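Colleague: So that we are looking at the same thing, I have put the structure below in structure tokens.
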């Protein structure tokens, strides 16, 4: 396969993984739809500047577009190597990796009394799936509260303020799955409070 065909195939693959149309990716990257179509079909090559724009719009590095070995998997993520977000008496582990980012997946452990923090949070407007793997937790979702036990699950929009707390006397383990991804770095930012008028 020629380098142009391989690059085009990789761009199309990442575009499809992100669920973007050709037109949507072109707009996000600031390139024309016709150029992007020619690139994906191996009839054009990209300048370094165009490659950087396209990679940025896809949420990957330019190297990922050029390296055929990164297409279907990023390999095994060892439990000891998972990025960790420390919480209040709990930990949240990132278990999804680039470039396969149609899903954002986290595992969490909650000590007795542990929580995602003192305040509810919201992030994006994705479909969020939450399942208790071990123990029990209380999910505060908007004005509702759900006590959940092992194998219980719930789905909701991530834009609804939510908080998780382990009110039991035993540790709990959970999984979160968001689709599409909402951005891990700001996930636990407290909701803004309205200032008095």
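Please treat every number below as a calculation from the coordinates, not as lab data. This structure is a prediction, so every number in the text was calculated from the model and none was measured. Note: ideal-geometry Cβ built from the backbone for every residue, glycine included; neighbour counts use all protein chains shown.
Colleague: So for 40, 16, 128, fewest C-beta neighbours within 10 Å to most, what's the order? Kindly include the intermediate steps, with their values, before the conclusion.
Modeller: Working: 40 20, 16 12, 128 23.
Fewest to most other Cβ atoms nearby, the residues stand as 16, 40, 128.
Colleague: Same structure again: Report the paramagnetic label zone for residue 150: residues of segment 120-137 whose backbone N is under 16 Å from a point 7 Å from Cα along the Cα-to-Cβ axis.
Modeller: Once the point is set 7 Å along Cα→Cβ of residue 150, 131-137 turn out to lie under 16 Å by backbone N, inside segment 120-137.
Colleague: Expressed in nm to one decimal, what extension gain is obtained for the pair residue 159 and residue 44 from 0.36 nm per residue of sequence separation less their Cα-Cα distance?
Modeller: Working: separation 115, 0.36 × 115 = 41.40 nm, distance 4.08 nm.
Net length gain for the segment: 37.3 nm.
Colleague: For a footprinting-style exposure proxy, rank 151, 88 by other Cβ within 10 Å, fewest first.
Modeller: On the way: 151 9, 88 14.
If I rank by nearby Cβ atoms, fewest first, I get 151, 88.
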